[in-house]
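Have a look at the structure below before the remarks.
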Amino acid sequence: MARFQQIVIMKTWIRLGLAMLCTWTAVIGRAAETRVEISPELKGAWLVPDAGWEGRTVLLFHGMASDMDDAGGLLKRLAERLAARGIASLRINFRGEGDALRTDLESTFETRLEDAAAVLAYVRQQPGVDPRHVGVMGFSLGASTAIETSARHPEWFRTMAVWSSPSGDQFTQMTLSETAQKALRDGEATEEIPGWKKLTTKRAFYESFRGIDLDVALAKYPGAFFSLRGSEDFLPQHEAEFMRIAKGRPAEAVVIGGASHIFNVFEPELGLAERALNLTVAWFERTL
């Protein structure tokens, strides 16, 4: 499988995720989250601060074949941190994909974009949300989803943060592997991903990336933009180019030295995931 498709391979995140979550102590002022149904097949977790909320809200998009909490519960932890700073959030399980135990991927990039639009429409209907102060955050393929959504609807988001984002021509990048080539040829392909699970992907999934160029897309987005990546990410560092392309201000990027694609979330003693969370919360506090 191409390195991009191994995005959230996450070592043994199914086995270790709960253990990691147990190390996360409650933050002051954390609100209780509410499970919500955007549509019969699209569900998520809505978290509104107990106090001090003035309508600021962030949508959180998970990576490929993961779920709304993502590797080591990073997105759940981010939602809790945001709530403690007076910012609401909604994170979702993308249709046909959003289940860490799922082995048969039924989503496409277009269904992801449809889900993103549905989620924003849902959030705008919630009492207290200020539509002028809505942001988006995406992790890996979730970053691709955020960037392309913002290109198609440049007025939707005031600010954006991406973690470990792909870049450039996505069809070319996504179809480099033998697995992708087999799926394009035979209709589907299954690969055993060491330490995680077997994952079956379909021709339609790969075909849905035709014409998607994230560099072209980012140039259409006028809002604030923040890119965060680890220096050991298997995806190429593209931060300097992102900063050149981004039209909105502020535009900032941070590369965390020694950090992996998932910020070494299963090695909490390194403090790299903690740094990613702190930088991202600070970004939304400043720009949302």
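We did not get these values from a lab; they are worked out from the coordinates using the rules stated. Keep in mind that what you see is a predicted model, and the values were worked out from it rather than measured. Neighbour counts run over all protein chains shown; Cβ positions are idealised from the backbone, glycine included.
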- Suppose every K and R has +1 on its Cβ and every D and E has -1 on its Cβ; what is the size of the dipole of segment 127-220 about the Cα centre, in Debye to the nearest 20? 180
- Task: Work out the charge dipole of the chain with +1 on the Cβ of Lys and Arg and -1 on the Cβ of Asp and Glu about the Cα centre, then indicate which of GLY223, PRO40, GLY257 is farthest towards its positive end.
- Result: GLY223
- Task: Considering the options LEU113, GLY86, LEU184, tell which one lies farthest towards the positive end of the dipole of the chain, charges being +1 on Lys and Arg and -1 on Asp and Glu at the Cβ, about the Cα centre.
- Result: GLY86
- Message: Treating only the Cβ of Lys, Arg, Asp and Glu as charged (+1, +1, -1, -1), what charge dipole size does segment 68-145 show about its Cα centre? Round to the nearest 20 debye.
- Response: 460
- Task: Using per-residue counts of other Cβ atoms within 10 Å, averaged over each peptide, order 136-142, 184-190, 252-258, 86-92 from highest down.
- Result: 136-142, 86-92, 252-258, 184-190
- Pull out the extension gain between HIS153 and LYS220, defined as 0.36 nm times the separation in residues minus the alpha carbon to alpha carbon distance; nm, one decimal. 23.2 nm
- Note on the structure: Once both label points are put 7 Å beyond Cα along the C-beta direction, the SER39-LYS197 separation in nm becomes 2.2
- Note on the structure: Answer in debye to the nearest 20: the dipole magnitude of the chain about its Cα centre, from +1 Lys/Arg and -1 Asp/Glu charges placed on Cβ, is 460
- Ranked output for segments 266-277, 112-123, 222-233 by mean other Cβ atoms within 10 Å, highest leading, reads 222-233, 112-123, 266-277
- Lysine pair number, Cα distance threshold 18 Å (strictly under), the chain, separation 8 or more or different chains: 6
- Query: Tell me, LEU101, LEU279 in order of fewest to most beta-carbon neighbours within 10 Å?
  - Reply: LEU101, LEU279
- How far is helix 272-287 tilted, in degrees, relative to the longest principal axis of the Cα atoms in the chain, given as a value from 0 to 90 rounded to the nearest 10? 60
- Once the Cβ-Cβ distance between LEU279 and THR103 is put in as r, and R0 is 22 Å, what FRET efficiency do you end up with, to the nearest 0.05? 0.10
- Footprinting exposure proxy for THR172, THR145, THR57 (fewest neighbouring C-beta atoms within 10 Å first): THR172, THR145, THR57
- Item | Given charges at Cβ of Lys, Arg, Asp, Glu: segment 95-241 dipole, positive-most of PRO236, THR172, GLY98 | GLY98
- Task: Give me the percent of DSSP beta bridges within segment 138-288 that run antiparallel, rounded to the nearest 5.
- Result: 35
- the chain shape via C-alpha gyration tensor axes, a/c threshold 1.5: rounded
- Query: Taking Cα atoms, how many degrees apart are the long axis of helix 74-84 and the longest axis of the chain, rounded to 10 and kept between 0 and 90?
  - Reply: 10
- Query: Which order, highest average first, do 238-246, 146-154 follow once you tally other Cβ atoms within 10 Å for each residue and take the mean per peptide?
  - Reply: 146-154, 238-246
- Note on the structure: Phi angles of segment 86-103, converted by Karplus (6.51 cos²θ - 1.76 cosθ + 1.60, θ = phi - 60°) into ³J(HN,Hα) in whole Hz with x for Gly and Pro, give x, 10, 7, 8, 10, 10, 10, 9, 4, 4, x, 7, x, 7, 4, 8, 5, 10
- On a 0 to 90° scale, report how tilted helix 13-22 is relative to the longest principal axis of the chain, with both axes built from alpha carbons and the result rounded to the nearest 10. 20
